[in-house]
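These notes concern the structure reproduced below.
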Amino acid sequence: MKFSILNKVAFRSILSHKRLYFPFLLAVSLLFSLEYILLSLLQNDYVNEFHPDLSIIIGMGVFFSTLLIVIITLYTSNFIQSNQTKEFGLYTVLGLEKKHIRLITLIQTFFNWVVTSVLCVVLGYLVGSLMFVGLNRLMQDTGAGLMNYPFQIETALGTAVVLLGTFFVSFMIHAFKIARLNPIELLRSAHEGQGDPKGRWWLMILGLMSLSGGYYIALTTNDVLGSLQNIFIAIFLVIIGTYLLFLSLTIFILKALRKNKNIYYKPNNFLSISGMLHRMNNNAVSLASIAILSSGVILVMGLTLSLFRTMESQIQGTMPYDYELRTVSAQSYENDPSENEEILDQVITEAKNHGEISEDNIRTTLSVGGYLDGRKLTPLPANNTPEFEELSAAGQPLYIIVETIDAYNHYMQQSEAVDENEVLIASNLLDLEDFPTLEINGTEYNTKPVAEDIIPSNYGVEVLYIALPSEEEVEEVRENHLLYNTREERYEPYSYTTSATFNVENNLEEVDTFLREAGEEQTLAVESQEETRQSMYTLYGGLFFIGIVVSAVLIIGTVLMLYFKQVSEGFEDKENFKIMRQVGLPEDLIQKTIRSQIVWIFLLPIAVAVIHNLFASKIIYILLGLFGTRDFTIFSTSYFGVLVVFALVYLIFYRFTSRTYYNIINESE
């Protein structure tokens, strides 16, 4: 058969399915335009020069976004091809061979690739220019302009290659399906009805167990390390449970309603329940997918928005002073930390010759690893040992900061007094009410909680702060909590950390230059509040940007699935409602039945997504502790604000896409 004839058939098929093809091409173009934007940022010279740490975050975004984009594209592409089954069956009856059908599909696939490649590159560059400037504003970098976002031919080609690979996989899947079907099956598959769905008890039990397990993990995880380990397990269990329950529990509920004569034998309920029950096997997977995608949007945006909103408080909590100089026991655990204090005092004295220094403070602390065995402070075993792995799996290791009570009072400008055998304690995450006493070095102390402000907010794990009465007791902790040196294969005491903090009132540039030179000469770590601010804005601004991109991918996927389900439901229901009109059912009853079915089917995913996120809110809040974020007010307003806003957006898109359904149902032949 001539190629020109097959070519005409291919494009005629596209036009006849324009309700599916045009939204599909637009959505895929939008998805891969986001892919272009991420790839272009990954290779952008300005980003790599001024924000090198951002490349790691963007790289993570490229991985997750590409995975989601490819899955959504394959899913929706398969949906379109499945709707052409009847048409291909007719072609075989008219004399076309399977190789001709595969060639038609190949022509359509090539057309899809060309159109979407051009659109995604054009949209990607235009939208990417604005997003590039927006990203730099999120990071408080006002120096970036549109000239720093040039068109990159390598990025365009890379995006087109990924798109080509995705369409090729879709074509191979469809070609395999065509090879397995005979002409009669191709014709019949489009009209195959569903028998009475069978409720599978084992699927429902597995689904309930999986969902309950995910919820249980989310509600019972109480530590930061545990949240990092458990959240992926919880997400996996919830996803599996969602799919299984949509496949099974919905059937059982609808059948239970059908058995209830008082409910079922009412005109509207009879038609609605029968229609939903008959098609639920087809709807279950796509509705569960919409629920999962919606849950992902809320989770990602709630998490990243919470992080972005806490940046300023994080900066103040991490670096409350303009500068911090830090050294570690003159690089030897055997030396007296007083040597470090003398070095830092000398540097500060000289810095005062270059500018006005205020609120200067020198502080020596001991940081060790340990864990709580009940109310007993116990040293950690050596890394990579079974004992250490067991403790890590249980989320028990602690970061312990120890100093004297006098040092605490001097640094915090307090005058805390303690009784005999009493210590001051604070923690960023532990509930101190559980520790009225604490055994340290074999001695049981009464505890007196103090504000957690003493602990820098950038710690992402559980931290226990202890202020002991004397330096001798601090030294005893150091001698009992040993660090295993893997290179020397021996245990060594932890080093003391000596730091100096201060503010600079004037001549900031001159003081900064002096401190950098002194830091190199004395081997000191020099950190400024401005550096911390830039670092955090790069990290959190980048995460927020990636959250926006990933959420955009999920939203496009959700809307695309909503639209395709509306079209699919419309064509499936059209004949049924036509018959209802022919047998004389009132028009208002038919319209009421339509509204009832569409509301129940398409509002179910967003209801499930809201429930999932309500159960996930606790573990998400704990997970934020990895970034030192523990402001519950900001988290709750961000997370639940995103939940409410997305629910409203979902309803808007639902109303918008439902118009397509009504148009199909009510259109004349």
Going through the cross-link list K8/K99; K376/K618; K177/K574; K8/K574, which pairs have a Cα-Cα distance over 18 Å in this structure?
K376/K618; K177/K574; K8/K574
Have a look at the DSSP beta bridges in region 421-501 and tell me what percent are antiparallel, nearest 5.
75 percent
Cα centroid separation - region 102-175 against region 606-659, whole Å:
29 Å
Distance in Å, no decimals, from the C-alpha centre of region 1-50 to the one of region 488-565 is 38 Å
Would you rank D631, D453 by solvent-accessible area, highest first, keeping every protein chain in place and using a 1.4 Å probe?
D453, D631
Give the calculated FRET efficiency between A179 and E49 to the nearest 0.05, with a Förster radius of 56 Å applied to their Cβ-Cβ distance.
0.60
Rounded to 0.05, the calculated FRET efficiency for the beta carbons of S16 and R137 at R₀ = 60 Å is 0.85
When you count, for each residue, the other Cβ atoms within 10 Å and take the mean per peptide, how do 412-419, 546-553, 171-178 rank with the highest first?
546-553, 171-178, 412-419
Solvent-accessible area per residue, Å², over region 97-137 with all protein chains present [probe radius 1.4 Å]:
45 Å²
Taking placed amide H atoms and a strict 5 Å upper bound, the residues 5 or more places from Y445 or on another chain that come that close are L438, E439, I440
Ordering 11-20, 455-464 by per-residue average of other C-beta atoms within 10 angstrom, highest first, gives 455-464, 11-20
Give, as ranges by residue number, the residues of region 497-524 whose backbone N falls under 18 Å from the point 7 Å along Cα→Cβ of K352.
500-508, 511-512, 514-515
Between V461 and residues 5 or more places away or on another chain, which pairs have amide H atoms under 5 Å apart, with H built 1.01 Å from N, and which residues are they?
none
Ranked packing of 238-244, 350-356, most packed first, by mean Cβ within 10 Å:
238-244, 350-356
Here the gain from full extension of R375 to R200, 0.36 nm per residue of separation minus their alpha-carbon distance, amounts to 58.1 nm
L483 long-range amide H proximity, modeled H, under 5 Å
E492, Y494
Whenever you get a sec, compute what percent of the accessible area on region 385-480 sits on carbon and sulfur atoms (1.4 Å probe).
42 percent
How large is ³J(HN,Hα) for each residue in region 639-648, as worked out from phi by the Karplus curve 6.51 cos²θ - 1.76 cosθ + 1.60 (θ = phi - 60°), to whole Hz, x for Gly and Pro?
5, 6, x, 4, 4, 5, 4, 5, 4, 5
What nm distance separates the two modelled labels at E154 and A256, each placed 7 Å from Cα along Cα→Cβ?
5.9 nm
Modelling each spin label as a point 7 Å along the Cα-to-Cβ direction, I'd like the E420/N441 distance in nm, to one decimal.
1.8 nm
Whole-Hz Karplus ³J(HN,Hα) for region 313-325, in order, using 6.51 cos²θ - 1.76 cosθ + 1.60 and θ = phi - 60°, x for Gly and Pro?
5, 5, 4, 5, x, 7, 9, x, 10, 5, 9, 9, 10
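The values are calculated or read from the model by the stated rules, or taken from the named source; none is laboratory data. These figures come from a predicted structure and were not determined experimentally. For neighbour counting, all protein chains shown are included, and Cβ atoms are generated from backbone atoms with ideal geometry for every residue, glycine included. Only protein heavy atoms, including side chains, enter the accessible area calculation; ligands, DNA and RNA are left aside. Shrake-Rupley method; radii C 1.70, N 1.55, O 1.52, S 1.80 Å.
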